[in-house]
Amino acid sequence: MIQKIMMRLFVMAALVVGASNTFAHEDYRVIGTVMKYQDSRIEVESKDGNTTSIRLDRQTAITRDTQKVDVTELEVGLSVVVDAYGDSAEDALALEIRIVPPIVNP
């Protein structure tokens, strides 16, 4: 009887913790030009002039034309689309970085 109660409490606690982690992070998409890449961080300037610094890790996927490329392909001046998550834009972690054709202003 006590084991069943303890198991139910454990399952409920796990669900609460899991649910709180699910809602703890926001998704971010940053579109712009690479201004700096250093020490597992990339700075991207959007066309409105805002610069966002985003962390990278070993699991960050980097692609060009749907093909995976090495992190060394990231260079200043490249146009990118960065999908990231975090508690705020300042602490966002890049999940995927897509190198795209240059952004042209009409």
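Across the range 9-32, the qualifying residues are those that are assigned to a loop (DSSP other than H, G, I, E, B) and surrounded by 10 or more Cβ atoms within 10 Å (Cβ to Cβ), and the one among them that is modelled with the lowest pLDDT is 24. When the range 33-85 is examined, which residues are found to be of a type in the set (A, V, I, L, M) and not in a strand (DSSP E or B)? Correct list: 56, 69, 71, 74, 76, 78.
With respect to the conditions (1) acidic (Asp, Glu); (2) within 20 Å of residue 102 (Cβ to Cβ); (3) in contact (Cβ under 8 Å) with a residue 12 or more places away in the chain, residue 48 lacks only one, and its number is (3). The residues listed here are 52, 63; of these, the one that is modelled with pLDDT of 95 or more, of a type in the set (S, T, N, Q) and surrounded by 10 or more Cβ atoms within 10 Å (Cβ to Cβ) is 63.
Checking each residue in the range 47-78 for being closer than 17 Å to residue 28 by Cβ and either of a type in the set (Gly, Ala, Ser) or within 9 Å of the chain's Cα centre (by Cα) (or both) picks out 53, 54, 55, 56, 60, 61.
Using the structure shown, decide if residue 83 is among the acidic types (Asp, Glu) and on the phi > 0 side of the Ramachandran plot.
Details: among the acidic types (Asp, Glu): yes; on the phi > 0 side of the Ramachandran plot: no.
Criteria not met by residue 83.
The set of residues in the range 86-106 that are modelled with pLDDT of 95 or more and within 12 Å of residue 29 (Cβ to Cβ) comprises 94, 95, 96, 97, 98. Among the residues of the range 67-91, those that are more than 21 Å from residue 104 (Cα to Cα), surrounded by fewer than 10 Cβ atoms within 10 Å (Cβ to Cβ) and not acidic (Asp, Glu) comprise 67, 68, 72, 88.
The values are calculated or read from the model by the stated rules, or taken from the named source; none is laboratory data. On a predicted model such as this, the values are computed, not experimentally measured, just so you know. With ideal geometry, Cβ positions are generated from the backbone for all residues, glycine too; neighbour counts draw on all protein chains shown.
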